[in-house]
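Please read the structure below before turning to the comments.
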Amino acid sequence: MSVTVVGSLNEDVLVAVGRLPGRGETVIGRSAALAPGGKGANQAAAAGELGPGVHMVGRVGEDPAGDRQLAALAGSRVDVSRVHRTPGVPTGSATIPVEEGSGENLIVVVPGANAELTPEDADAEPVRRARVVLLQLEVPLAAVEAAARAATGTVVLTPAPPQPLPPGLLEHVDVLVPNEHELAQLAGAQPGERSPADLVALARSVARCAVVVTLGARGALVVPPEGPAVLQAPPPVTAVDTTGAGDCFCGALAQALTTDTDLAAAVRVAVTAAALSTTGPGARGALPDAAAVEALLPRTPAASAVG
């Protein structure tokens with residue numbers, strides 16, 4: 001097994017809007033559509049599109065939404081035999097207004113069956129045998145910790161939605177992948193844009209493991225436990241919808257790490273895949289395959305050192 005993802009499966013309700021609403025404001029949507037989602041499932045789908053041997057561990061309800069989520073993952077070559085049905089609880093859902101033109105979005109998640117994932121679910125054979133185990137925080141923290149302890153391969157954690165991370169969990173994490181806002185919250189710092197050098201200092205204050213900070217259109221910052229950090233810019237693309245780009249990044253990063261690729265090279269692949277994923281609607285509307293990523297890699301700039 002190459003990649004096992006332990007995490008959430010949601011049904012997304014995508015609403016196209018002329019602009020995102022402000023606090024307390026109502027805007028009129030132009031259209032709405034259902035799409036498969038959830039951080040865990042999005043990451044698994046991205047990894048599955050890029051290579052074989054991907055397994056998903058999670059929970060859905062005994063409802064049509066659960067049927068659709070399982071079918072969508074299977075269509076991306078993901079083994080869903082460890083996705084459990086949960087009686088009496090609906091499949092998780094997310095409502096996502098997407099701003100036309102910029103592709104920026106807001107996301108409100110209702111966990112549903114995701115909240116029922118147990119440590120026993122997470123301590124499973126696909127987790128123990130995987131070369132890379134990919135985790136997020138849309139399922140109970142106890143299940144995330146159980147998966148991290150059970151893993152024998154590389155453990156990659158996306159700390160989203162952000163919450164305090166127990167030291168016992170971080171001890172089992174090899175690569176932490178926050179965005180810059182999540183990193184600030186983990187560090188107890190004020191929100192706001194920071195220079196790459198400031199982000200490196202924050203990353204090293206949060207974790208002793210490698211940290212990869214995703215920066216949206218600016219790419220990603222690779223902060224190894226020791227030695228210089230590098231900034232990896234993305235290739236040029238025309239973004240349509242940024243929903244799920246971070247999840248695509250993590251799925252691609254995990255697949256790249258299964259081949260013994262070093263972290264900086266794996267991040268270059270992941271940045272390229274994430275850029276491609278923004279060229280279509282929804283979290284999975286433009287997930288690239290390996291051939292598409294290989295074709296665009298020559299246009300991805302070389303990483304630059306961060307002083």
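We did not get these values from a lab; they are worked out from the coordinates using the rules stated. The shown structure was predicted, so the numbers you read here are calculated from the model rather than taken from an experiment. Cβ: placed from backbone, ideal geometry, glycine included. Neighbour counts: every protein chain shown.
What percent do you get for the relative contact order of the chain when only Cα pairs under 8 Å and 6+ apart count? Walk me through the numbers on the way to the answer.
On the way: 785 pairs, mean separation 54.6, N = 307.
Computed value for the chain: 18 percent relative contact order.
Set Lys and Arg Cβ to +1 and Asp and Glu Cβ to -1, take the dipole of region 14-168 about its Cα centre, and tell me which of Gly40, Leu50, Val108 lies farthest positive.
Among Gly40, Leu50, Val108, the one farthest towards the positive end of the dipole of region 14-168 is Leu50.
Between Leu141 and Ala16, with labels modelled 7 Å along Cα→Cβ, what's the label distance in nm to one decimal, could you check?
Between Leu141 and Ala16, the simple spin-label model gives 4.0 nm.
How large is the charge dipole for region 227-307, taken about the Cα centre, if only the Cβ atoms of Lys, Arg (+1) and Asp, Glu (-1) carry charge, to the nearest 20 debye?
Dipole magnitude for region 227-307 comes out near 160 debye.
Treating only the Cβ of Lys, Arg, Asp and Glu as charged (+1, +1, -1, -1), what charge dipole size does the chain show about its Cα centre? Round to the nearest 20 debye. Intermediate results must be reported in sequence, preceding the final value.
Details: 20 positive and 31 negative charges, 64 e Å.
The calculation lands at about 300 debye.
Any idea how far apart Glu193 and Thr259 come out in nm if each label point goes 7 Å out from Cα toward Cβ?
Simple spin-label model gives 3.4 nm for this pair.
For a label point 7 angstrom out from the Cα of Arg128 toward its Cβ, which stretches of region 5-28 have the backbone nitrogen within less than 20 Å?
Under cut-off, by backbone N: 5-7.
Roughly how many nanometres apart are two label points built 7 Å out from the Cα toward the Cβ at His84 and Ala201?
Label at His84, label at Ala201, 4.6 nm between them.
Just going by the charge dipole of region 204-307, with Lys and Arg at +1 and Asp and Glu at -1 on Cβ, which of Thr261, Pro235, Leu297 is farthest out on the positive end?
After comparing all options, I get Pro235.
Taking a label point 7 Å from the Cα of Glu62 along the Cα→Cβ vector, which residues of region 90-120 have an amide N closer than 20 Å to it?
It comes to 90-93, 112-118, nothing else.
What ranking do Ile96, Ile28 get, fewest neighbouring Cβ atoms within 10 angstrom at the top? Intermediate results must be reported in sequence, preceding the final value.
On the way: Ile96 22, Ile28 8.
Lowest count first: Ile28, Ile96.
Which shape class applies to region 174-283: rounded if a/c is under 1.5, otherwise prolate when a/b exceeds b/c and oblate if not, where a ≥ b ≥ c are the square roots of the Cα gyration tensor eigenvalues?
Working: a/c = 1.91, a/b = 1.28, b/c = 1.50.
Verdict is oblate for region 174-283.
What size of dipole, in debye to the nearest 20, comes out for region 18-123 about its Cα centre when the only charges are +1 on Lys and Arg C-beta atoms and -1 on Asp and Glu C-beta atoms? Can you show the working numbers first?
On the way: 9 positive and 13 negative charges, 41 e Å.
Value, rounded to 20: 200 debye.
Which parts of region 275-293 would a label at Leu34 reach, counting a residue when its backbone N lies under 18 Å from a point 7 Å out along Cα-to-Cβ?
282-285
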